[in-house]
Amino acid sequence: MQYPVKWYEPTHRIDVMAGTFLAGTFGDQPIVNSFHHQGIKRLGDGLKPAAYASDGTIEAFQTEDASVRGVQYHPEMMFDHDATHLKVFQDFVDYVAEHKN
(Lines give C-alpha, C1' and ligand atoms only; values in the text may rest on other atoms or scores of the structure.)
Protein backbone atom coordinates (compact mmCIF):
# COMPACT_ATOMS: atom_id res chain seq x y z
CA MET A 1 0.00 0.00 0.00
CA GLN A 2 1.33 3.43 -0.93
CA TYR A 3 0.64 6.18 1.60
CA PRO A 4 0.35 9.83 0.55
CA VAL A 5 2.62 11.07 3.36
CA LYS A 6 5.54 9.85 5.42
CA TRP A 7 4.55 8.00 8.62
CA TYR A 8 5.81 10.81 10.85
CA GLU A 9 3.80 13.52 9.09
CA PRO A 10 0.54 14.58 10.76
CA THR A 11 -2.58 13.76 8.74
CA HIS A 12 -5.60 14.99 10.72
CA ARG A 13 -6.83 16.47 13.99
CA ILE A 14 -8.47 14.54 16.80
CA ASP A 15 -10.92 15.72 19.44
CA VAL A 16 -9.63 14.85 22.92
CA MET A 17 -12.28 14.15 25.56
CA ALA A 18 -12.04 16.14 28.80
CA GLY A 19 -10.86 14.19 31.83
CA THR A 20 -8.96 11.57 29.83
CA PHE A 21 -5.26 10.71 29.78
CA LEU A 22 -4.72 12.81 26.65
CA ALA A 23 -6.45 15.88 28.05
CA GLY A 24 -3.86 18.58 28.58
CA THR A 25 -1.15 16.66 26.73
CA PHE A 26 -1.45 18.39 23.36
CA GLY A 27 -4.49 20.62 23.67
CA ASP A 28 -8.03 19.80 22.62
CA GLN A 29 -7.32 19.08 18.93
CA PRO A 30 -3.81 17.75 18.30
CA ILE A 31 -2.76 16.67 14.82
CA VAL A 32 -1.87 12.98 14.57
CA ASN A 33 -0.82 10.47 11.93
CA SER A 34 -3.39 7.72 11.53
CA PHE A 35 -4.75 6.42 8.24
CA HIS A 36 -7.99 4.62 9.25
CA HIS A 37 -7.80 1.51 7.13
CA GLN A 38 -8.81 -0.27 10.36
CA GLY A 39 -10.37 0.99 13.54
CA ILE A 40 -12.22 0.14 16.72
CA LYS A 41 -15.85 -0.66 16.02
CA ARG A 42 -16.92 -1.14 19.64
CA LEU A 43 -14.90 -0.76 22.83
CA GLY A 44 -14.76 -3.65 25.25
CA ASP A 45 -16.30 -3.59 28.71
CA GLY A 46 -14.58 -1.17 31.05
CA LEU A 47 -13.11 0.98 28.27
CA LYS A 48 -14.17 4.49 27.30
CA PRO A 49 -13.17 6.74 24.40
CA ALA A 50 -10.44 9.32 25.05
CA ALA A 51 -10.34 10.89 21.56
CA TYR A 52 -12.19 10.79 18.24
CA ALA A 53 -11.33 11.66 14.65
CA SER A 54 -13.77 13.86 12.73
CA ASP A 55 -15.15 10.76 10.97
CA GLY A 56 -16.15 9.27 14.35
CA THR A 57 -13.25 6.82 14.56
CA ILE A 58 -12.10 6.24 18.13
CA GLU A 59 -8.48 7.44 18.15
CA ALA A 60 -7.72 6.78 21.83
CA PHE A 61 -9.31 4.88 24.72
CA GLN A 62 -8.76 4.13 28.38
CA THR A 63 -10.17 2.50 31.49
CA GLU A 64 -11.87 4.81 33.99
CA ASP A 65 -8.69 5.10 36.08
CA ALA A 66 -6.46 5.34 32.96
CA SER A 67 -4.40 2.33 34.06
CA VAL A 68 -5.06 0.91 30.58
CA ARG A 69 -4.59 3.32 27.67
CA GLY A 70 -4.37 3.04 23.94
CA VAL A 71 -4.04 5.19 20.85
CA GLN A 72 -4.69 4.30 17.22
CA TYR A 73 -2.24 6.78 15.80
CA HIS A 74 1.56 6.38 15.92
CA PRO A 75 3.26 8.74 18.40
CA GLU A 76 6.38 6.55 18.24
CA MET A 77 6.81 7.62 14.62
CA MET A 78 6.17 11.30 15.31
CA PHE A 79 8.22 12.26 18.35
CA ASP A 80 11.54 12.59 16.48
CA HIS A 81 9.89 15.35 14.43
CA ASP A 82 7.56 16.74 17.13
CA ALA A 83 8.69 16.05 20.70
CA THR A 84 5.22 16.72 22.13
CA HIS A 85 4.23 13.19 21.02
CA LEU A 86 6.83 11.73 23.39
CA LYS A 87 4.57 12.97 26.20
CA VAL A 88 2.14 10.08 25.53
CA PHE A 89 4.87 7.69 26.68
CA GLN A 90 6.21 9.89 29.47
CA ASP A 91 2.73 10.39 30.93
CA PHE A 92 2.25 6.61 31.05
CA VAL A 93 5.64 6.07 32.71
CA ASP A 94 4.76 8.76 35.25
CA TYR A 95 1.37 7.11 35.92
CA VAL A 96 3.01 3.72 36.51
CA ALA A 97 5.64 5.25 38.81
CA GLU A 98 2.92 6.93 40.89
CA HIS A 99 0.86 3.74 41.20
CA LYS A 100 3.49 1.05 41.72
CA ASN A 101 3.29 -1.06 44.88
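Once the Cα atoms are used to define both axes, helix 87-99 deviates from the longest principal axis of the chain by about 10 degrees.
Packing-based ranking of 39-49, 14-24, 73-83 yields 14-24, 73-83, 39-49, ordered from highest to lowest mean Cβ neighbour count within 10 Å.
3J(HN,Hα) couplings calculated from phi for the stretch 67-75 with the Karplus curve 6.51 cos²θ - 1.76 cosθ + 1.60 (θ = phi - 60°) are, in sequence order, 6, 10, 9, x, 10, 9, 9, 10, x Hz; Gly and Pro show x.
Per residue, the chain exposes 64 Å² of accessible surface when a 1.4 Å probe is rolled over the protein heavy atoms with every protein chain present. Taken about its Cα centre, the chain carries a charge dipole of about 240 debye when Lys and Arg each add +1 at the Cβ and Asp and Glu each add -1 at the Cβ. With 0.36 nm allotted per residue and the present C-alpha distance subtracted, the Asp65-Lys6 stretch has 17.8 nm of extension available. Helical content alone sets the calculated 222 nm signal of the chain at -4000 deg cm²/dmol, taking -39,500 (n - 2.57) per DSSP H segment of four or more residues and averaging over every residue. Counting only protein heavy atoms and a probe of 1.4 Å, the accessible surface of the chain is 52% carbon and sulfur.
The values are calculated or read from the model by the stated rules, or taken from the named source; none is laboratory data. Small disclaimer: the values here were computed from a predicted structure and weren't measured. Here the Cβ is made from the backbone with ideal geometry for all residues, glycine too, and neighbour counts use every protein chain on show. Just the protein is used for accessible areas: all its heavy atoms, side chains included, with ligands, DNA and RNA removed. Shrake-Rupley method; radii C 1.70, N 1.55, O 1.52, S 1.80 Å.
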